[in-house]
Structure formats: C-alpha cells, structure tokens
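One structure is given here, and the rest of the page talks about it.
Each reported figure results from applying straightforward, stated rules to the coordinates on display, with no laboratory input. Computed from a prediction, not measured in an experiment: that's the story for all the values here. Using ideal geometry, Cβ is built from the backbone for each residue, glycine included, and neighbour counts are taken over all protein chains shown.
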Amino acid sequence: MSEIIITTLDPQRRHDAAGIVRDAFWDLYRPGCVEHLILDLAHTAPEYLPGLELAADLDGDLVGVGLATSATVIAADGRPTAVAYLGPLAVTPEHQRTGIGGALLRELLRRCTVLGLPGAFLYGDPGYYGRFGFADAAKWSVTTPDGANFDAFQGVELRPGALDGVGGRLVESSIFEVTTEQADAFDSGFPPREKHVTDTQF
Ligand SMILES: CC(C)(COP(=O)(O)OP(=O)(O)OC[C@H]1O[C@@H](n2cnc3c(N)ncnc32)[C@H](O)[C@@H]1OP(=O)(O)O)[C@@H](O)C(=O)NCCC(=O)NCCS
C-alpha cells in the first residue's frame, strides 16, 4: 500500500519543491503564481525555521510541500511575540484530496509546538482549516499589519491559553511581499506555462 512520508525538505530538492508549489498554485489566486518564489526565498530569510520546510513523498515521489516561518505579533505597546506563519502549503493537483495536505499541516503544527511557539497563523479557506482547529484570528485580537480581520485570516493555539493576551498586528517575513515581476523572472527556470484569468481569482 502507498504510504505518505513527511520529512524535512532536503535543500537539493528545493527546485522540485518549488515546482510542486507552482503546479498547485498556478492560476489559482492570480494569473500564474508567486508562491513558488516565496518557498524558494524562505531559507534565506531571517524568519526561516530549520525543520519547518517539509516534503511529502508518495512512493518516492515528491507530491507535497509545506512551510512555516516565524512571524511577530506586535502589541499596541510595542511588545513582540514570536509565532508561526504557515504557507505555502501545496499538494500536486493529481494527489489533492487524499490526505496529504492534512498530513503536512499536522506535522508543521507539531513541529511548531515542539519549538515552543504559542500559535500559528495563516491566510486560507476556513472551510479547509477549521477542521485543524483554526479560528478567526480576531478571537485573540490578532490583526493584519493594517489592523484588519477577515474570515481567511486564521490562527490556532499550540498550547491551551498560549495566545491569551498576545493581541496585536501580525508582521510576516518580507518574502511574502514578492512582486509579479520577481516571480516571473524566477518562473523562467521552469517549463513555459501560460497564465489565465480564472473564476478562482480575486
Ligand atoms: C489546500 C491543499 C494544500 C489541501 O491539501 P489536500 O491534500 O488536497 O487536502 P486533504 O486531502 O488533506 O484534505 C481533503 C479535505 O479537505 C477539503 N479541501 C481540500 N482543499 C480544500 C479547499 N481549498 N477548500 C475547502 N476544502 C478543501 C476536501 O474537500 C477534503 O474534505 P473531505 O475529507 O471532507 O472530503 C491542496 O488542495 C492544495 O495544494 N491546493 C492548492 C494550493 C492552496 O490553495 N494551498 C493553500 C493555500 S492557503
């Protein structure tokens, strides 16, 4: 029987991992994608967390990738709290909805817990992340850097009560600010692929 194996991503597989992210995100949230470049940049960022760049293998083939980096919740009085920020999380389209994304996410959360981080945040579909315990970040008075809250912005406590009193603005790594132009330049290292406008974009 096929078995999903989750391990720390071998740096030599980083280009292949970016290819998985590209396949999963292409045309999903914008024409083309930027998330493959975000994954590629992560290990160069000060927010990189060793052991939190994961690979999912199925019968020896790389089929999924998950990343967590460190982020900071900055309270109104300037007090910083280090938390985890999850993403990108990607499973190659032909293997989606077979439990691989869930396995990656659970292992990311387990490793973040082992690091002693109080909570993890992400932007994603509440229909998917709710089952892993994620709730609206507003529950802990954590907002975006602009002070906003919305359904997609979610968090989870990694120990009971660990996010109590942590409220503030979540500041993520600058790797999440990549431009389309930078992503296009990185994309030239992959087989050419057309971009399309689709109804999943906003
Ligand atoms: C999101 C993603 C990582 C999930 O991985 P996966 O391996 O497909 O998910 P799993 O098999 O672990 O979970 C499947 C369950 O989640 C549901 N699900 C999967 N993707 C979902 C989504 N985007 N929205 C709502 N539910 C979703 C499935 O319906 C299924 O539910 P069921 O078991 O009740 O039928 C994967 O679909 C993916 O790579 N998507 C494209 C990139 C992306 O959007 N990443 C997340 C950005 S925040």
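Key figures
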{"read-out": "Translational diffusion of the chain, µm² s⁻¹ [Kirkwood Rh, Cα pairs; Stokes-Einstein; 4 °C; 1.567 mPa s]", "value": "75 µm²/s"}
{"read-out": "Label-point separation, ARG106 to ASP164 (7 Å along Cα→Cβ), nm", "value": "2.8 nm"}
{"read-out": "Charge dipole magnitude, Cβ of K and R +1, D and E -1 - the chain, Cα centre, debye nearest 20", "value": "580 debye"}
{"read-out": "Residues whose placed amide H lies under 5 Å from that of GLY119, excluding near-sequence neighbours", "value": "ALA84, LEU158"}
{"read-out": "Peptides ranked, highest mean first, by Cβ atoms within 10 Å: ranges 58-67, 110-119, 42-51", "value": "58-67, 110-119, 42-51"}
{"read-out": "For peptides 21-32, 79-90, sequence by mean Cβ density within 10 Å, most packed first", "value": "79-90, 21-32"}
{"read-out": "Estimated dipole of region 1-104 in Debye, rounded to 20 [Cβ of Lys and Arg +1, of Asp and Glu -1, Cα centre]", "value": "340 debye"}
{"read-out": "Cubic angstrom per residue, convex hull over Cα atoms of region 1-102", "value": "117 Å³"}
{"read-out": "Cut-off under 5 Å, modelled amide H: who pairs with VAL142 long-range", "value": "GLY168"}
{"read-out": "Hz values of 3J(HN,Hα) by residue in region 147-162 - Karplus curve (6.51, -1.76, 1.60), Gly and Pro given as x", "value": "x, 9, 9, 7, 3, 6, 8, 10, x, 9, 7, 9, 9, x, x, 5"}
